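Working notes for the structure below.
The values are calculated or read from the model by the stated rules, or taken from the named source; none is laboratory data. Quantities reported herein were computed from a predicted structural model and do not represent experimental measurements. Quick reminder, even Gly has a Cβ in these numbers, built from the backbone with ideal geometry, and neighbours come from all protein chains shown. The protein model used for the area step is the full one, side chains on, heavy atoms only, and it has no ligands, DNA or RNA in it. Shrake-Rupley method; radii C 1.70, N 1.55, O 1.52, S 1.80 Å.
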Amino acid sequence: MNEFLKVWGKREVEGVNRRVVIEKTVQRYKSLEKKFYDYKGYFAEVHMIQILWNAQRKTLPGKFFHQEEDIRMPRRFYYIDQRRKFGEGEDLEIDIYGGAATEIRIAESKWWSGDKVGPDVVERLIRQAEIIREKEKKHLEILRVWLFADNGVTKK
């Protein structure tokens with residue numbers, strides 16, 4: 001009701017042109033919609049981090065990761081960071097970065113409205129993994145790279 005009164009007031013009381021009122025209202029809601037999807041993605045990352053914490057010392061069925069082999073989780077994560085920057089520049093932020101001594105788990109979360117993840121996202125994630133592998137090469141034994149997407153991935 002409050003939103004209706006605001007729009008009605010702009011049009012009827014202030015005399016603002018109808019097209020301007022419609023345009024401004026739609027712009028505001030488009031901005032809110034984008035924020036909503038950003039928050040959904042952030043929330044998904046928080047849940048995945050909780051799953052990683054809870055999965056320590058366990059073996060997870062590979063079917064949850066589109067693999068035939070089961071996934072053995074580290075004995076202990078020493079940290080799991082959200083949205084960690086590992087360098088300067090564009091594309092150097094990982095949504096989830098978990099360290100377990102000689103093992104690192106990274107994950108990219110894509111929570112897009114109606115779009116599937118394409119090869120560009122996968123290629124970027126692979127480049128990020130290569131940078132991490134190079135930086136940590138002395139101590140790194142296992143680097144697991146995961147992608148989770150609300151609407152899945154394209155066939156390509």
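Restricting segment 85-137 to residues that are hydroxyl-bearing (Ser, Thr, Tyr) and either out of contact with any His (no Cβ under 9 Å at 6 or more places or on another chain) or open to solvent by less than 40 Å² (accessible area, probe 1.4 Å) (or both), which is nearest to LYS35 (Cα to Cα)? Spell out how you get there, then give the answer.
Going residue by residue through segment 85-137, those that are hydroxyl-bearing (Ser, Thr, Tyr) are 97, 102, 109, 113.
Next cut, either out of contact with any His (no Cβ under 9 Å at 6 or more places or on another chain) or open to solvent by less than 40 Å² (accessible area, probe 1.4 Å) (or both) only: 97, 109, 113.
On the way: TYR97: 23, SER109: 16, SER113: 12 Å.
Once the filter is applied, the top-ranked residue is SER113.
Which residues, taken from segment 43-60, are touching a residue at least 12 places away in the same chain (Cβ under 8 Å) and at negative phi? Step through it out loud before you land on a result.
Within segment 43-60, the subset touching a residue at least 12 places away in the same chain (Cβ under 8 Å) is 44-46, 48-49, 52-53, 55-60.
Within segment 43-60, ALA44, GLU45, VAL46, MET48, ILE49, LEU52, TRP53, ALA55, GLN56, LYS58, THR59, LEU60 meet the criteria.
Can you tell me which residue in segment 50-93 is nearest to LEU143 (Cα to Cα), limited to those that are touching a Lys or Arg at 6+ places or on another chain (Cβ under 7 Å) and modelled with pLDDT of 90 or more?
MET73
Specify which of the listed residues (GLN56, GLN67) is surrounded by 12 or more Cβ atoms within 10 Å (Cβ to Cβ), assigned to a loop (DSSP other than H, G, I, E, B) and not basic (Lys, Arg).
Working: GLN67 fails: surrounded by 12 or more Cβ atoms within 10 Å (Cβ to Cβ).
Answer to the selection: GLN56.
Mind listing whichever residues of segment 23-82 are among the charged types (D, E, K, R) and touching a Leu at 6+ places or on another chain (Cβ under 7 Å)?
Step one: list which residues in segment 23-82 are among the charged types (D, E, K, R), which gives 23-24, 28, 30, 33-35, 38, 40, 45, 57-58, 63, 68-70, 72, 75-76, 81.
ASP70, the sole residue that qualifies.
Considering only residues that are of a type in the set (D, E, K, R) and surrounded by 12 or more Cβ atoms within 10 Å (Cβ to Cβ), look in segment 29-53 and name the one that is farthest from TYR97 (Cα to Cα). Even if it seems obvious, please write down each step before you answer.
Of segment 29-53, the ones of a type in the set (D, E, K, R) are 30, 33-35, 38, 40, 45.
Keeping just the survivors that are surrounded by 12 or more Cβ atoms within 10 Å (Cβ to Cβ) gives 40, 45.
Values: LYS40: 19, GLU45: 11 Å.
So the residue we want is LYS40.
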